[in-house]
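The values are calculated or read from the model by the stated rules, or taken from the named source; none is laboratory data. Just so we're clear, the structure is a prediction, and the values are computed from it rather than from any experiment. FYI the Cβ positions are ideal-geometry reconstructions off the backbone, even for glycines, and counts take in every protein chain you see.
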Number of protein chains: 2
Amino acid sequence: MTARPLDLSLYLVADAATITGRSLVDVVAQAVDGGASTVQIRGKDLSAADLLALVEAAAAHTRGRATLLVNDRVDVYLAARAAGAAVDGVHIGQTDLPADRVRGLVGDDAIIGLSASLPRQLEALRRLPAGTVDYLGVGAVRATPTKKDHPTPIGWTGFAAFAELAHEFPCVAIGGVGPGDARDARRAGAAGIAVVRAICSAEFPAAAAAALRFEWADAEVVA
Amino acid sequence: MTARPLDLSLYLVADAATITGRSLVDVVAQAVDGGASTVQIRGKDLSAADLLALVEAAAAHTRGRATLLVNDRVDVYLAARAAGAAVDGVHIGQTDLPADRVRGLVGDDAIIGLSASLPRQLEALRRLPAGTVDYLGVGAVRATPTKKDHPTPIGWTGFAAFAELAHEFPCVAIGGVGPGDARDARRAGAAGIAVVRAICSAEFPAAAAAALRFEWADAEVVA
């Protein structure tokens, strides 16, 4: 199996619970304009019908420009894909459907991301066939109000240690990550930074995304 | 398409939120022993991993004895089915994935049930290909504490009116239904009664199911 193409450098988690008072689809469109390379649609409290509608609307903006992933709901991903939406895969957590079961449902071409931050989670993952999971979301780097059930913050030191342990997987840093973090993230071995509030709560999401994208590129030279 | 075999006469909604202090799988096993003909596993607050585990464990008890359905999560149904569990289909509500999209994901052999109680919902359903949906869950007959978002109670009169309107679909009565209701349900045109607390909260689920089953059969003679 060849690696699935994936640019995780600026990864927007478009969380319906965080985006209030404006359209999630607008935020996605602006973030992609600003340079977001991957977008995950998360709506833990949404009905499946509402989440599907968001995913399909977002896909019109990400098509050919950014990777689009659906959080948790593999059925929503499959329904959107079956209708021709440009949706690329799913992101799952440790209590969602098991990664190998998801791979069986989505097939070889879909991207699967998994939240992981503990060595035992990595060990479990290594017992699965190679290629089951494409990248890891690792954190929380810092405490954050946007995800109530996140594990204890691990800091950049903890992130770096885990990323080294999980060397065969691209690792995206998540949890309270935002402006000013690109250099630390790259030094810690991150394949990208995943942000929620840094874009979703920004007054100008496109500008916020562009600034984060610039920081990331700039940090490459220095790292 | 031929009709999918389906006995809705005693339909247990095994709701993880209602069953506390004992095992949901035990309740399912006992209900099937007592004569439940269809079992739906509902766990709106469960993780997908936990729901999948419940469905697979329940399937060992329903196999060959009762129809097993998964509430809302089509992906959980698909994952269980892919692993060989005896799971027969899904039950979806009006805010879950649209019925025609679900049919596309599950294929022709799976059972799809849909909650409906309004004429406009029936009209929307009739615009879909015949065979998209196998039965309707119609209610709430009475107000019930087990489903916070249920529509206004419709009573047996409302149920009968809707069942007549939806004559091409078997209609299961749900919402506060239990002992003593079989005769009214059959007179109102119900294909079965769907119960939550009447079995899930019973001291002896097998006996409760057997009593409901007896009532249903007995009411046939009188109706």
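Here are the numbers for this structure:
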quantity	calculated
Residue ID - farthest from residue B:79 (Cα to Cα), chosen from residues in region A:100-130 that are crowded, with 18+ Cβ neighbours inside 10 Å, in contact with a helix residue (DSSP H, G or I) (Cβ under 7 Å, 6 or more places away or on another chain) and small (Gly, Ala, Ser)	A:117
Helices (runs of 4 or more DSSP H) within region B:134-223 that include 3 or more residues over 16 Å from residue B:9 (Cβ atoms) and over 18 Å from the mean Cα position of the chain (by Cα)	B:155-165
Pair list, Cβ < 9 Å and 6+ apart or interchain, from region A:66-84 residues that are facing another protein chain (nearest Cβ under 7 Å) and small (Gly, Ala, Ser) to residues that are surrounded by fewer than 24 Cβ atoms within 10 Å (Cβ to Cβ) and not in a helix (DSSP H, G or I)	A:79/A:85; A:79/B:98
Conditions (1) touching a residue at least 40 places away in the same chain (Cβ under 8 Å); (2) in a loop (DSSP other than H, G, I, E, B); number of the one not met by residue A:129	(1)
Test set (1) surrounded by fewer than 19 Cβ atoms within 10 Å (Cβ to Cβ); (2) touching a residue at least 24 places away in the same chain (Cβ under 8 Å); (3) more than 26 Å from residue A:105 (Cβ to Cβ) - residue A:44 fails condition number	(3)
Yes/no for residue A:107 being touching a Phe, Trp or Tyr at 6+ places or on another chain (Cβ under 6 Å) and either over 19 Å from residue A:194 (Cβ atoms) or more than 14 Å from chain B (Cβ to nearest Cβ) (or both)	no
So residue A:52, is it within 14 Å of chain B (Cβ to nearest Cβ) and surrounded by 24 or more Cβ atoms within 10 Å (Cβ to Cβ)	yes
Residue list for region B:7-27, filter: crowded, with 21+ Cβ neighbours inside 10 Å and not in a strand (DSSP E or B)	B:8, B:9, B:19, B:24, B:27
Residues of region A:9-31 that turn out to be in contact with a strand residue (DSSP E or B) (Cβ under 7 Å, 6 or more places away or on another chain) and over 24 Å from residue A:135 (Cβ atoms), as a count	0
Pair list, Cβ < 6 Å and 6+ apart or interchain, from region A:150-171 residues that are within 20 Å of residue A:95 (Cα to Cα) to residues that are modelled with pLDDT under 95 and of a type in the set (A, V, I, L, M)	A:153/A:143
Complete set of residues in region B:62-71 that are of a type outside the set (S, T, N, Q) and crowded, with 20+ Cβ neighbours inside 10 Å	B:66, B:68, B:69, B:70
Matching residues, region B:72-98, being surrounded by fewer than 22 Cβ atoms within 10 Å (Cβ to Cβ) and over 14 Å from the mean Cα position of the chain (by Cα)	B:81, B:82, B:83, B:84, B:85, B:86, B:94, B:95, B:98
Residues of region B:25-47 satisfying the condition of being farther than 20 Å from residue B:113 by Cα and within 14 Å of chain A (Cβ to nearest Cβ)	B:45, B:46, B:47
Residue check, residue A:114 within 14 Å of chain B (Cβ to nearest Cβ) and closer than 16 Å to residue B:106 by Cβ	no
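Residue-wise test of (1) in contact with an Asp or Glu (Cβ under 7 Å, 6 or more places away or on another chain); (2) under 22 Å from residue A:142 (Cα atoms).
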residue	(1), (2)
A:181	no, yes
A:184	no, yes
A:189	yes, yes
A:194	no, yes
A:203	no, no
A:206	yes, no
A:209	no, yes
